[in-house]
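Visitor: Let me begin by handing over the structure; questions about it come next.
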Amino acid sequence: MEPGLLKSADWPFLIDLYFFLGGIAGGAFVIATVATLLDAQRYRDLTRVGYYLALLAILPGPILLTVDLGIPSRFLHMLMVSKPTTAIGMHAINIGPFHLKPFSPMSAGAWALMVFSACAFLAALLTFLEDRGNPRLGTTRLVIGIVGGVFGFFIAAYPGVLLGATARPLFISAHWLGALFLAVGAATGGAAIALVLSLVGGQTSDSLSRLMKVTAIALVLELVFLALFVVSVSATGSRGIREALAQLLVGSDAIFFWVGAVVVGLVIPLLLQVGGVIRKATPGMTALVSALVIVGGFLVKYVIIVAGQRVLS
Amino acid sequence: MARTLAMFTDVSLCIGCRACQVACKQWNQLAPEEPEWTGTYQNHHHFTDKSYRLVRFFEQSDGQGALTWHMMSDVCKHCAQAGCLEACPTGAIYRTEYGTVNINQDICNGCRYCVSACPFGVVAYNEDTGTATKCTFCNDRIHNGLGPACAKACPTQSIRFGFRDELAAQARKRVDDLKRMGVKEAQLYGEDQSGPVGGLNAFFLLLDKPSLYGLPENPKLPQGNVLVDSLLSIGAALMVGLGAVVAFRDRGGKGSA
Ligand code: SF4
Ligand code: SF4
């Protein structure tokens, strides 16, 4: 379809930051949960760092989102409304004063942010208590880990789905943004844990090399989804949409895209990892690769949002 | 639900007087704005938070030096499947019993998602109130049997307001008449309820293809992407999860401390 005259929400940097931190939080939480499920004892340090990071990264989320609202004091309206569900959209659900609109990723995301924040808080709390010698709460920990993991994936992916549900030319026929953002979340989440572990030291070389492996897998997926995004958008055959894509690939945003997101964030870390960091994860190299992955993960989301929001004359 | 109300804008009757634009500003008490020089009589490139009605002007060249002057009074389409409404996380955007789409200013919290979700670029964000705004079909007037201010003011009946079924019949007849008179490109936009976004409750008779007027040829409900995108994300989650399991499982293998 040929897009007509459109407007942009002009979401500022705060939103890019939230999407980025949410991805780290979700990714770190999922990785910590998988590790602890497979061998809680062996991956103790990794799990601790993962859950703490998830909490730290998600804490600013609600604040960033609220500050960006036109009327911040109305942030609760995201969850509560006084209208019959039939009047506010497809498959809207009312429970008491609350509402959920499953086809509005922003509505679903607000709820997911609540649930995930609670899980991140509880997981970090349990980790803290266990470190202080309290007994392990096996089942509770398991439930929080799994529920939080599911919502962690959600928090990482939903911003991509949210962008995909706008009329912006770059997004209206894109289908891979949710998957892409999820992969970026996993890569940056894994890299963030690895960065912290490699900086604090300790007997972590096994954990580091495994983290590099997850991160490498996530980076490969990221590369694939990014390519699918670009190819599927360019295949729509609409001039307006192709122009929006050109803005990203050859226009004023292209340098961030190619140099920042692709070369620094994907190609170099992948080459380093395949070239040996996975096998022999020295703290120095791990820290370097992790930092690159984090920077690249931020840039790939940032540049896509910026290019998508730009109104071309 | 009461019978659906609609607006039919026939651009073949528009004389570009902009009485509608002025009437809209006055009735809705929309504050003055800096004029924008667009190179034509059109003031404002696009809808703003203080201009819900906008008369657009276009010059079309036939390539041999002859110009056709097009004018069209544009407005929120009150889509049967509205991207703005589906996007709104607060439920501020709602459908009235007449089938129109409104933004409740007491509920909107200014997240601006609707602004980017409208396939026609209608909704605008008002910095002063911190909320999103757009045409309501003069909600206060239509609930008192008055009809929107723009339609009332239009001296040529280019803008007509009434029950959707009656207006659609008039529109179809008018397009047939025009075709018979030799206006080959005359066409209806948004009248077909089985068409894109379930039809528009503000539909148009255009004298050329929609893109000439800045309208999308085939508007799409952005939320149509949500299901597919979510399924692909779930697939990606499974792959990442599997990858993590593989990475953390092989015990005591290479690289163990
Ligand atoms: S034209 Fe835009 S603002 Fe108007 S109802 Fe449709 S989606 Fe909403
Ligand atoms: S800006 Fe207001 S009307 Fe628009 S989506 Fe957000 S809450 Fe709804």
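The values are calculated or read from the model by the stated rules, or taken from the named source; none is laboratory data. Fair warning: this is a prediction, and the values are worked out from it, not measured in the lab. Cβ coordinates were reconstructed from backbone atoms using ideal geometry, including for glycine residues, and neighbour counts include every protein chain displayed. Areas reflect the complete protein model, heavy atoms only, side chains present, ligands, DNA and RNA absent. Shrake-Rupley method; radii C 1.70, N 1.55, O 1.52, S 1.80 Å.
Visitor: Name every residue in segment A:251-266 that is touching a Phe, Trp or Tyr at 6+ places or on another chain (Cβ under 9 Å) and either among the hydroxyl-bearing types (S, T, Y) or over 13 Å from A:E222 (Cβ atoms) (or both), in order of residue number. It would help to see each step written out before you state the result.
Guide: Residues of segment A:251-266 that are touching a Phe, Trp or Tyr at 6+ places or on another chain (Cβ under 9 Å), as a first pass: A:256, A:260-261, A:265.
The answer is A:F256, A:G260.
Visitor: A further question follows. Count, please, the residues in segment B:113-134 that happen to be out of contact with any His (no Cβ under 8 Å at 6 or more places or on another chain), assigned to a loop (DSSP other than H, G, I, E, B) and within 13 Å of ligand 1 (Cβ to nearest atom).
Guide: Number of matching residues: 6.
Visitor: Give segment A:84-93 a look and list any residue that's at the interface with chain B (Cβ under 7 Å from one of its Cβ atoms) and touching a residue at least 12 places away in the same chain (Cβ under 8 Å), or say none. If you could, list the steps in order and put the result at the bottom.
Guide: The initial filter retains those residues of segment A:84-93 that are at the interface with chain B (Cβ under 7 Å from one of its Cβ atoms), namely A:87-90.
Scanning segment A:84-93 gives A:I88, A:G89, A:M90.
Visitor: Related question: Please go through segment B:192-225 and give me each residue that is outside any loop (DSSP other than H, G, I, E, B) and either of a type in the set (A, V, I, L, M, F, W, C) or more than 14 Å from chain A (Cβ to nearest Cβ) (or both), ordered by number.
Guide: The answer is B:V197, B:L200, B:A202, B:F203, B:F204, B:L205, B:L206, B:L212.
Visitor: Applying the selection to segment B:74-100, what residues are near ligand 1 (Cβ under 7 Å from one of its atoms) and basic (K, R)?
Guide: Answer for segment B:74-100, where residues must be near ligand 1 (Cβ under 7 Å from one of its atoms) and basic (K, R): just B:K77.
Visitor: Continuing with the same structure: So, in segment A:38-56, of the ones that are at the interface with another protein chain (Cβ under 8 Å from one of its Cβ atoms) and part of a helix (DSSP H, G or I), which residue ends up nearest to ligand 2 (Cβ to nearest atom)?
Guide: A:L38
Visitor: Another question, then. All but one of (1) over 30 Å from A:G145 (Cβ atoms); (2) at pLDDT 95 or above; (3) open to solvent by less than 30 Å² (accessible area, probe 1.4 Å) hold for B:A244; which doesn't?
Guide: Of the numbered conditions (1) over 30 Å from A:G145 (Cβ atoms); (2) at pLDDT 95 or above; (3) open to solvent by less than 30 Å² (accessible area, probe 1.4 Å), the odd one out for B:A244 is (1).
Visitor: So, one more: Mind checking which residues of segment B:79-88 are in a loop (DSSP other than H, G, I, E, B), within 15 Å of ligand 2 (Cβ to nearest atom) and touching a Leu at 6+ places or on another chain (Cβ under 9 Å)? Spell out how you get there, then give the answer.
Guide: The initial filter retains those residues of segment B:79-88 that are in a loop (DSSP other than H, G, I, E, B), namely B:80-82, B:88.
Checking the rest, the ones that are also within 15 Å of ligand 2 (Cβ to nearest atom) come to B:82, B:88.
Correct list: B:A82 only.
Visitor: Okay, moving on. Does A:A191 satisfy the condition of being more than 30 Å from B:N218 (Cα to Cα) and open to solvent by less than 10 Å² (accessible area, probe 1.4 Å)? Talk me through it step by step, then tell me what you get.
Guide: Details: more than 30 Å from B:N218 (Cα to Cα): yes; open to solvent by less than 10 Å² (accessible area, probe 1.4 Å): yes.
Considered against the rule, which asks whether it is more than 30 Å from B:N218 (Cα to Cα) and open to solvent by less than 10 Å² (accessible area, probe 1.4 Å), A:A191 comes out as yes.
Visitor: Looking at (1) within 16 Å of ligand 2 (Cβ to nearest atom); (2) without any contact (Cβ under 8 Å) to a residue 12 or more places away in the chain, find the lone condition where B:T100 falls short.
Guide: Result: B:T100 fails condition (2) only.
Visitor: It is to be established whether one or more residues within segment A:229-238 are at the interface with chain B (Cβ under 8 Å from one of its Cβ atoms), part of a helix (DSSP H, G or I) and farther than 30 Å from A:Y52 by Cβ. Reasoning before the result, please.
Guide: Looking only at segment A:229-238, we keep the residues that are at the interface with chain B (Cβ under 8 Å from one of its Cβ atoms), and these are none.
No - not one qualifying residue is present in segment A:229-238.
Visitor: Being open to solvent by 50 Å² or more (accessible area, probe 1.4 Å), at pLDDT below 95 and aliphatic (A, V, I, L, M) is the filter here, so list the residues in segment A:272-306 that pass it.
Guide: Hits for segment A:272-306 are A:V274, A:M285.
Visitor: Every residue in segment A:50-76 that is crowded, with 24+ Cβ neighbours inside 10 Å and in contact with a Ser or Thr (Cβ under 6 Å, 6 or more places away or on another chain), please. Before you say what the answer is, go through the steps one by one.
Guide: As a first pass, look at segment A:50-76 and keep what is crowded, with 24+ Cβ neighbours inside 10 Å: A:50-51, A:53-54, A:57-58.
If the condition is that a residue be crowded, with 24+ Cβ neighbours inside 10 Å and in contact with a Ser or Thr (Cβ under 6 Å, 6 or more places away or on another chain), then A:Y51, A:I58 are the ones that fit.
Visitor: Give segment B:103-136 a look and list any residue that's more than 10 Å from ligand 2 (Cβ to nearest atom) and β-branched (V, I, T), or say none.
Guide: B:V122, B:T129, B:T136
Visitor: Does B:N102 count as within 21 Å of A:P84 (Cα to Cα), in a strand (DSSP E or B) and at pLDDT 95 or above? Lay out the reasoning, then the answer.
Guide: Values: within 21 Å of A:P84 (Cα to Cα): yes; in a strand (DSSP E or B): yes; at pLDDT 95 or above: yes.
Criteria met by B:N102.
Visitor: Kindly indicate which of A:F181, A:F128 is in a helix (DSSP H, G or I) and open to solvent by 10 Å² or more (accessible area, probe 1.4 Å).
Guide: On the way: A:F181 fails: open to solvent by 10 Å² or more (accessible area, probe 1.4 Å).
That would be A:F128, the only listed residue that is in a helix (DSSP H, G or I) and open to solvent by 10 Å² or more (accessible area, probe 1.4 Å).
Residue-by-condition table, conditions (1) open to solvent by less than 20 Å² (accessible area, probe 1.4 Å); (2) within 12 Å of B:M7 (Cβ to Cβ); (3) out of contact with any Cys (no Cβ under 7 Å at 6 or more places or on another chain):
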position	(1), (2), (3)
B:P148	yes, yes, no
B:K152	no, yes, yes
B:R160	no, yes, yes
B:L167	yes, yes, yes
B:A171	yes, yes, yes
B:K179	no, no, yes
B:D192	no, no, yes
B:P196	no, no, yes
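Visitor: Hey, does segment A:19-28 have a residue that's of a type outside the set (K, R) and either outside any helix (DSSP H, G or I) or without any contact (Cβ under 8 Å) to a residue 60 or more places away in the chain (or both)? Outline the logic, then answer.
Guide: Restricting attention to segment A:19-28, the residues satisfying the condition of being of a type outside the set (K, R) are A:19-28.
Applying the additional criterion that residues be either outside any helix (DSSP H, G or I) or without any contact (Cβ under 8 Å) to a residue 60 or more places away in the chain (or both) yields A:21.
Yes, there is a match, as at least one residue in segment A:19-28 is of a type outside the set (K, R) and either outside any helix (DSSP H, G or I) or without any contact (Cβ under 8 Å) to a residue 60 or more places away in the chain (or both).
Visitor: Further question on the same structure: Say we look at segment A:57-111 and pick out the residues that are within 16 Å of ligand 1 (Cβ to nearest atom) and assigned to a helix (DSSP H, G or I); which of these is modelled with the lowest pLDDT?
Guide: If we take residues in segment A:57-111 being within 16 Å of ligand 1 (Cβ to nearest atom) and assigned to a helix (DSSP H, G or I), then A:A87 is modelled with the lowest pLDDT.
Visitor: Are any residues in segment A:250-262 loosely packed, with under 14 Cβ neighbours inside 10 Å and not in a loop (DSSP other than H, G, I, E, B), and if so, which ones?
Guide: First, pick out the residues of segment A:250-262 that are loosely packed, with under 14 Cβ neighbours inside 10 Å: A:250, A:252, A:255, A:259.
Passing the criteria: A:I255, A:V259.
Visitor: Something else now. What's the total number of residues in segment B:87-132 that are more than 9 Å from chain A (Cβ to nearest Cβ) and open to solvent by less than 10 Å² (accessible area, probe 1.4 Å)?
Guide: Residues in segment B:87-132 being more than 9 Å from chain A (Cβ to nearest Cβ) and open to solvent by less than 10 Å² (accessible area, probe 1.4 Å): 4 in total.
Visitor: From (1) surrounded by fewer than 18 Cβ atoms within 10 Å (Cβ to Cβ); (2) at pLDDT 90 or above, pick out the condition that doesn't hold for A:T215.
Guide: Checking A:T215 against (1) surrounded by fewer than 18 Cβ atoms within 10 Å (Cβ to Cβ); (2) at pLDDT 90 or above, the one that fails is (1).
Visitor: List the number of the failed condition for A:T139; all other conditions in (1) open to solvent by less than 10 Å² (accessible area, probe 1.4 Å); (2) modelled with pLDDT under 95 hold.
Guide: With respect to (1) open to solvent by less than 10 Å² (accessible area, probe 1.4 Å); (2) modelled with pLDDT under 95, A:T139 is out only on (1).
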